[in-house]
């Protein structure tokens, strides 16, 4: 039996119809049995979010959705998947009508947002068949038993429950699976946080005992430093699971922080590959953690709120943090006091629940690997994956440049 390879194509790989032909070329030239996971077409999720929250923008949305998906996959509405396509479009219309009439519900919003992935799977399957992959077919994640830990919204996939319910018979041929959503604990549709379709792909890799997961991106792997800081740095050849998760929480958006969780137990590797250079060597591989004496990468997230108070963490504040799915960089609470470090943009959602002292800092930096830190800083935490510090700087880009050259110049000369 062929080894299973899970391929994940995000919105950046679905900018026009020719991108689906490139997917067909990749799959045709790849070994193993493919399972494909797709996000919504480029920019579609943002449009659906806007329409679901501001009904005045919903007027032309349905016709635009039809036009856009038929542009990617001509004949979709009249082909084999036509009835499914029309059903999804009709469902969007009905839910938008509910919202515009004042019947606001999380379920309606979820159904609208999930439609982006459903339509994408239909378009990709239809065009792949036209490309020559006649056994490509769309599969809804919740329709085959993917279960999420939560109701309405969820942080992660319930691997144990999904393993019991997964309908593996629907994974014949070349299944085109929807990412980002599944069945919640109440039996209704539930969504992961933004970027969660990578986590979906990793879960399918785990559930099908895949040989590897390939995350197709529009970049050359994960870099030592996010290119936003104006420094061209090499891709990291190998990252441990813990290192990748740590880096993704600190301004490195190539993968979602929860992506690696389903892969760890079985040691399934994840490759980060460039969709625009599909047959070049793999820039970054993520796998089991290994010890290193070197500095691997630098992650930086600007805008930090440090909250302190001479009493334990308030239960109402804690409940709100959990409700808003905020992941603090530090959360310590003892009978004598508490300390909470979070991004400034998330502090704005919590401000009315905060009664303690609040200090704002320029940035939090996570240095992956081992190092001696050459710049002025305050230590936040340290573990086997790296060191978190917060800094104040009048010129953050300059400080990051200084830190990068201090940590890597001597190392690169070895």
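The values are calculated or read from the model by the stated rules, or taken from the named source; none is laboratory data. The shown structure was predicted, so the numbers you read here are calculated from the model rather than taken from an experiment. With ideal geometry, Cβ positions are generated from the backbone for all residues, glycine too; neighbour counts draw on all protein chains shown.
Points worth noting:
- When the strands (runs of 3 or more DSSP E) confined to segment 328-401 are screened for residues that are surrounded by 15 or more Cβ atoms within 10 Å (Cβ to Cβ), those reaching at least 2 such residues are found at 330-334, 337-343, 357-369, 386-391.
To keep it simple, each residue is scored yes or no on (1) within 22 Å of residue 134 (Cα to Cα); (2) in contact with a helix residue (DSSP H, G or I) (Cβ under 9 Å, 6 or more places away or on another chain); (3) assigned by TED's automatic domain parsing to the domain that holds residue 211.
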position: 16; (1), (2), (3): yes, yes, yes
position: 29; (1), (2), (3): yes, no, yes
position: 36; (1), (2), (3): yes, yes, yes
position: 44; (1), (2), (3): no, yes, yes
position: 52; (1), (2), (3): no, yes, yes
position: 60; (1), (2), (3): no, no, yes
position: 67; (1), (2), (3): no, no, yes
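- Residue in segment 102-113 that is outside any loop (DSSP other than H, G, I, E, B), without any contact (Cβ under 8 Å) to a residue 12 or more places away in the chain and surrounded by fewer than 23 Cβ atoms within 10 Å (Cβ to Cβ) present: no
- Unique match (being modelled with pLDDT of 90 or more, closer than 22 Å to residue 201 by Cβ and surrounded by 13 or more Cβ atoms within 10 Å (Cβ to Cβ)) among 35, 92, 49: 35
- Which numbered condition residue 209 fails, given (1) touching a residue at least 24 places away in the same chain (Cβ under 8 Å); (2) more than 19 Å from residue 263 (Cα to Cα); (3) surrounded by fewer than 19 Cβ atoms within 10 Å (Cβ to Cβ): (2)
- Filtered residues of segment 50-73 (kept if in a loop (DSSP other than H, G, I, E, B) and without any contact (Cβ under 8 Å) to a residue 12 or more places away in the chain): 54, 59, 60
- Scanning segment 171-219 for residues that are within 16 Å of the chain's Cα centre (by Cα) and not in a strand (DSSP E or B) yields a total of 17.
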